[in-house]
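Student: I have a structure here, written as C-alpha cells, and I will follow up with some questions on it.
The values are calculated or read from the model by the stated rules, or taken from the named source; none is laboratory data. The structure presented is a predicted model; accordingly, all values stated were derived computationally and were not measured. We place every Cβ from the backbone using ideal geometry, glycine too, and count neighbours over all the protein chains shown.
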Amino acid sequence: MMKHQLSLDYTLSPGWMQPWVDGLMKGEAIARVCDACGSKSFAPQRVCKCGCCDGDWATLSGTATVVRQTDGTDGHFAMARFDGADNDVVVRLEGFKSPQTKGRLTAPAGAIPQMILTPLEGGIT
Ligand SMILES: [Zn+2]
C-alpha cells in the first residue's frame, strides 16, 4: 500500500436541482412536488416513486423530526423527515442534545450547500 496525496479543483453544477441548492444556502427547505401523484420529496428526487419525471417546487416549513441518529468522529448525523415531505433524508446535526428530536434546516456557514439541522427550542417529540 502506498500513500499518495491527490488535489482536485472542480466545479459542480446543480442542474435541475438549482432551486433546492439555492434553498439550502438560505436555510429554506425547497421540495420537489410530483406532477402526477403530488408526492413531495426533500431532498428532491428526479424520478418520483410513481415513475413520473415532471414536477414543480414548493417551500416546506423547514422543520424536521430525527428518525435515527448516529454519532461519528466527524460529527453527528441523522435520518430525518422534514414536515410536509414524503421521504427521509440524511442531515448533519448541530447543537442537538438528547432527547431532542425536532429541528430546523439551517443555512451553512460556508459556500458549500449542506443539509444541517439545528434544534428547535424545546425540540422534544
Ligand atoms: Zn409521483
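Student: Run GLY23 past the list (1) within 16 Å of the ligand (Cβ to nearest atom); (2) surrounded by 13 or more Cβ atoms within 10 Å (Cβ to Cβ) and report the number of the one that doesn't hold.
Tutor: (1)
Student: If you scan region 86-107, which residues turn out to be assigned to a loop (DSSP other than H, G, I, E, B) and under 16 Å from ALA43 (Cα atoms)?
Tutor: Going through region 86-107, the residues assigned to a loop (DSSP other than H, G, I, E, B) turn out to be 86-87, 94-101, 107.
The answer is ASP86, ASN87, ALA107.
Student: Between a residue in region 38-57 that is under 17 Å from PRO14 (Cα atoms) and of a type in the set (A, V, I, L, M, F, W, C) and any residue that is near the ligand (Cβ under 7 Å from one of its atoms) and assigned to a loop (DSSP other than H, G, I, E, B), which pairs come within a Cβ distance under 8 Å, given they are 6 or more apart or on different chains?
Tutor: none
Student: Looking only at region 33-64, filter to residues that are surrounded by fewer than 18 Cβ atoms within 10 Å (Cβ to Cβ) and under 27 Å from GLU121 (Cα atoms); which one of those is nearest to the ligand (Cβ to nearest atom)?
Tutor: Checking each candidate, the answer is ALA58.
Student: Quick one: PHE77 ticks every box in (1) over 20 Å from LEU117 (Cα atoms); (2) more than 12 Å from the ligand (Cβ to nearest atom) except a single one, so which number is it?
Tutor: (1)
Conditions tested, residue by residue: (1) assigned to a loop (DSSP other than H, G, I, E, B); (2) modelled with pLDDT of 95 or more; (3) over 30 Å from LYS102 (Cβ atoms).
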site: HIS4; (1), (2), (3): yes, no, yes
site: LEU12; (1), (2), (3): yes, no, yes
site: VAL21; (1), (2), (3): no, yes, no
site: LEU24; (1), (2), (3): no, yes, no
site: GLU28; (1), (2), (3): yes, yes, no
site: ARG32; (1), (2), (3): no, yes, no
site: PRO44; (1), (2), (3): yes, yes, no
site: CYS50; (1), (2), (3): yes, yes, no
